[in-house]
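The values are calculated or read from the model by the stated rules, or taken from the named source; none is laboratory data. Everything numeric in this text was worked out from a predicted model, so none of it was measured. Cβ sites come from the backbone with ideal geometry, for glycine too, and all protein chains shown count toward neighbours.
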Amino acid sequence: MCSVTPDRLLAWYRRLVAAKYNAAATRGPGRPSTREELAKLVVRMAGENPGWGYTRIRGALANLGHEVGRNTLQRILADAGIEPAPERGKRTPCKTFLKAHWGAVAATDFFSVEVLTRTGLVGYFVMLVMGLKSRRVHLAGVVHDLHGRWVEQIASNLTDPVSGFLKDARYLIHDRDPVFTRAFRKILQAAGVKAVRLPARSPNLNAYCERFILSVKGECLRRMIPLGKRHLELMLAEYLEHYHQERNHQGLGNRLIENLPANDNATGPVRCRERLGGVRNFYHREAA
């Protein structure tokens, strides 16, 4: 009786044939993964150009000497959590919007200050407006009873065609505080300024105004006691002069907002200009 069945013989034969054509021993480790630098470049292109699809990105990479397949691009973008171009193109990132309209965008915000008066502490609200490109700050007003009608009057002042701070602006960013009424937005719209309301619960989208508020509080208001509304306004006005003319700003390449005319003949001694009674100082060289 034969102990080897036909099925066992056929299985042995198939293994023998498979072994003949098995190149696993001589094959390399497989197709190399996409280089990290190239993957970062793909993600960067997709992020900076929401309307670019796989074909457009492939072309841009080919211009730089990189040949990358569509499936590889799809995998890289999927791993980075980036949606395909049709979905990305429907939304404009906040960063892209700001860069495209940088010189025409302003932002506004409030902060509160406790003022010492004869009757005790009284809370005041300070409204500021900032040009995002220049970082120039305008003190729009100081008020004790903050309400929509007051803010609407401020909007009229800001959009004055001759002296208004927003006469050259096209967009004004603000939060969803109820004092920014529909009438407030209509006043802006009539002057050609579009009100851009920030999304709800988005504390970091008005970062430039918030950074200024942190500066004015830390460099001025926490070092002095405002004695009445008029004194508070004088303090803020003098701080703004220092902020614009004497304070170097890291966001502007560590330079001044208002560059004063250079005096090439200034070879005299170094002098200190005091602001707010010495709370803020500025050093300059006098002319010889």
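Observations on the structure shown:
- Boolean, His242 is surrounded by 16 or more Cβ atoms within 10 Å (Cβ to Cβ) and in contact with a helix residue (DSSP H, G or I) (Cβ under 9 Å, 6 or more places away or on another chain): yes
Rundown of residues vs (1) aliphatic (A, V, I, L, M); (2) in contact (Cβ under 8 Å) with a residue 24 or more places away in the chain, yes/no style:
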site	(1), (2)
His138	no, yes
Val142	yes, yes
His147	no, yes
Glu152	no, yes
Asp160	no, no
Val179	yes, yes
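- Leading residue by the ranking (modelled with the lowest pLDDT) among those in region 110-142 that are touching a Gly at 6+ places or on another chain (Cβ under 7 Å) and not in a strand (DSSP E or B): Lys133
- When residues in region 162-184 are screened for being out of contact with any strand residue (DSSP E or B) (no Cβ under 9 Å at 6 or more places or on another chain) and surrounded by 14 or more Cβ atoms within 10 Å (Cβ to Cβ), 3 of them pass.
- Residue in region 150-165 that is touching a helix residue (DSSP H, G or I) at 6+ places or on another chain (Cβ under 7 Å), in the same structural domain as Arg222 (by TED's automatic domain parsing), of a type outside the set (Gly, Ala, Ser) and part of a strand (DSSP E or B) present: no
- Residue within region 257-271 that is assigned to a helix (DSSP H, G or I) and without any contact (Cβ under 8 Å) to a residue 12 or more places away in the chain present: no
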